[in-house]
1. The conditions are (1) closer than 23 Å to Leu10 by Cβ; (2) in a helix (DSSP H, G or I), and Val57 fails exactly one of them. Which is it?
2. Could you tell me how many of the residues in the stretch 121-149 are surrounded by 14 or more Cβ atoms within 10 Å (Cβ to Cβ), more than 27 Å from Asp38 (Cα to Cα) and in contact with a helix residue (DSSP H, G or I) (Cβ under 8 Å, 6 or more places away or on another chain)?
3. Restricting to the stretch 184-217, and then to whatever is without any contact (Cβ under 8 Å) to a residue 40 or more places away in the chain, of a type in the set (Val, Ile, Thr) and in contact with a strand residue (DSSP E or B) (Cβ under 6 Å, 6 or more places away or on another chain), can you tell me which residue is most open to solvent (accessible area, probe 1.4 Å)?
4. If you go through the stretch 71-109 one residue at a time, how many are over 15 Å from Asp38 (Cα atoms), touching a helix residue (DSSP H, G or I) at 6+ places or on another chain (Cβ under 6 Å) and crowded, with 17+ Cβ neighbours inside 10 Å?
5. Which of the numbered conditions does Met1 fail, given that it passes all the others? Conditions: (1) open to solvent by 90 Å² or more (accessible area, probe 1.4 Å); (2) at pLDDT 80 or above.
6. From Arg113, Arg94, grab the single residue that is more than 30 Å from Glu4 (Cα to Cα), free of Cβ contacts under 8 Å to residues at least 24 places away in the same chain and part of a loop (DSSP other than H, G, I, E, B).
7. Could you check the stretch 154-190 and list, in sequence order, the residues that are among the polar types (S, T, N, Q) and at pLDDT 90 or above?
8. State yes or no: is Ile43 under 29 Å from the mean Cα position of the chain (by Cα) and open to solvent by 40 Å² or more (accessible area, probe 1.4 Å)?
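The values are calculated or read from the model by the stated rules, or taken from the named source; none is laboratory data. Values in this document were obtained by computation on a predicted structure and should not be read as measured data. Cβ: placed from backbone, ideal geometry, glycine included. Neighbour counts: every protein chain shown. Protein only, heavy atoms only, side chains kept; ligands, DNA and RNA dropped before computing areas. Shrake-Rupley method; radii C 1.70, N 1.55, O 1.52, S 1.80 Å.
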Amino acid sequence: MVPEWAQIILRSLGFLVLLILLTRLLGRKIAARMTMFDVVFAIVIGLIAALVSLNIVANGVYGLIAFLTWGLAGIGLSYLSLKSKWVRDLIHGREAIVIKHGKIMEEQLKKTRFTPEDLLQQLRSKQIFNVADVEFAVMESSGEINALLKANKQPISPKHLGVETSPETGAQTVILDGNIMDESLATMGLNRGWLHTELEKVGISPENVFIAQVDSMGELYLDLFDDAIQPPQPTTRQLLLTTMQKAKADLETFSLDTEDNKAKAMYQHCAKEVASIISDMRLLLK
């Protein structure tokens, strides 16, 4: 006869496996952004699993049937919501415009059971403190507010200044908890040899690194296990800027030293070209 405590452990482990399979079948949407339906569904599924695990439901077969019924119903509704907008709107709700041209839509707030305090709190969480700065604000089906600022209130970007920027690939974590991440290195077009060379420059071994990241400029950021040790900050951009400024100064010096008018004009032209490049890239290199 299996002891009751062992039965609880076995039932709990069994339902844990079923929950893992169920969540994998349902996809990642529930974990990413839960609507009210997703919350209720998750609570019921977890409650059924807990009741059967603790033997509160006398007949375990009935509990399993209820669990599978809810699980299969959730998978079916998830599939139907992908195929039909009507089903999707019925289950998860529709988006609602709550601010339009800086004007709060009171009727929409009432329909969504949202108070003015709730709206202001959501806006503050997005660093928006003045409703008049908002062009449009939409409440998603999950209850989250997404807002678009008016054109004259939006942060200035390189596009506004007419500055072309290179594609940003984002930083890649190349060392995590002392372990080298070969896939991340390959994504940046690098390898372990490059990483070991960079670490040797600062006298640090990979085992002492908690997190290491490489940005799109190839600069290596290090965070060590020992917080008392401060690794040197990346200097690649500053070094490149300094080198270009020195090249400009050298070209200007050459133009002053030479007596050949043709060579003087060439040096001056090259100095102006380098100065133009420095001006265009100064913000990027600083």
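1. (2)
2. Within the stretch 121-149, residues that are surrounded by 14 or more Cβ atoms within 10 Å (Cβ to Cβ), more than 27 Å from Asp38 (Cα to Cα) and in contact with a helix residue (DSSP H, G or I) (Cβ under 8 Å, 6 or more places away or on another chain) number 5.
3. Thr187
4. Residues flagged as over 15 Å from Asp38 (Cα atoms), touching a helix residue (DSSP H, G or I) at 6+ places or on another chain (Cβ under 6 Å) and crowded, with 17+ Cβ neighbours inside 10 Å within the stretch 71-109 amount to 2.
5. It is condition (2) that Met1 fails.
6. Details: Arg94 fails: free of Cβ contacts under 8 Å to residues at least 24 places away in the same chain.
It is Arg113.
7. Quick first cut of the stretch 154-190, residues among the polar types (S, T, N, Q) only: 154, 157, 165-166, 169, 172-173, 179, 184, 187.
Thr173, Asn179 - these are the residues of the stretch 154-190 that are among the polar types (S, T, N, Q) and at pLDDT 90 or above.
8. For Ile43, the condition - under 29 Å from the mean Cα position of the chain (by Cα) and open to solvent by 40 Å² or more (accessible area, probe 1.4 Å) - is met.
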